1. Mind counting the residues in region 19-51 that are free of Cβ contacts under 8 Å to residues at least 12 places away in the same chain and charged (D, E, K, R)?
2. Output the residue which, of all residues in region 5-38 that are more than 14 Å from the chain's Cα centre (by Cα) and not in a helix (DSSP H, G or I), is surrounded by the fewest Cβ atoms within 10 Å (Cβ to Cβ).
3. Find the residue count for region 74-88, including only residues that are basic (K, R), out of contact with any strand residue (DSSP E or B) (no Cβ under 7 Å at 6 or more places or on another chain) and either modelled with pLDDT of 95 or more or at positive phi (or both).
4. Select from region 39-73 the residues that are at pLDDT 95 or above, part of a loop (DSSP other than H, G, I, E, B) and not β-branched (V, I, T) and write down the one among them that is farthest from D112 (Cα to Cα).
5. Can you name every residue in region 93-130 that is polar (S, T, N, Q), touching a residue at least 24 places away in the same chain (Cβ under 8 Å) and in contact with a helix residue (DSSP H, G or I) (Cβ under 8 Å, 6 or more places away or on another chain)?
6. Could you list, in sequence order, all residues of region 102-116 that are touching an Asp or Glu at 6+ places or on another chain (Cβ under 8 Å) and in a helix (DSSP H, G or I)?
7. If you scan region 123-152, which residues turn out to be within 22 Å of S47 (Cβ to Cβ) and modelled with pLDDT of 90 or more?
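The values are calculated or read from the model by the stated rules, or taken from the named source; none is laboratory data. Please read all numbers here as calculations on a predicted model, not as lab measurements. Cβ sites come from the backbone with ideal geometry, for glycine too, and all protein chains shown count toward neighbours.
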Amino acid sequence: MVSSEYERRIAARFAGFDQDGNGYIDRADFNAAAKALLTEFGTTARSDKGQALYIGAEAFWQGMAGIADRDGDQRITRDEFVNGAVKRLRDNPDRFAEIARPFLHAALAVADPDGDGAASVTDTARVLVCLGVQQDIARAAATALDTDGDGKVTEGEIVTAFARYFTVPE
């Protein structure tokens, strides 16, 4: 049985996906996140990076909807998020990581101006702010993601941390 404390903490993460604050997660939220990232980094939607980000957002939405949209209405409510997606993924954060990977890979590419496969801690914080994280928390989280202290955040660091954040309440 999942504790109510666990459910409360995970439910708070729902807002990170509900970009427009309407009480549910849908395809539009994923598109809004992609658009915000492209705007922040001055990347056009028609560019290769822009197209990859929108394709990644769609893949992420489809993966989340497949796991959590229990009634098939193309919207994930807070209850569906907590009781569907999170409980089903709690014991397998790697599954969540694989659902998120195409989007995270593309977001990293948008934030990676030199194409070396890593974004600076500063640019990683900018990504997090675009996704609804408060500025001070985004900066601290981006710094913590740089596990080797080189000032850069790689896809592996991002994907692992992202999966843990949404599936482990600590």
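1. Final tally of qualifying residues: 3.
2. G21
3. Qualifying residue count for the region: 0.
4. Of everything passing the filter in region 39-73, D73 is farthest from D112 (Cα to Cα).
5. Hit for region 93-130 is T124, nothing else.
6. The answer is L104, H105, L108.
7. D123, T124, R126, V127
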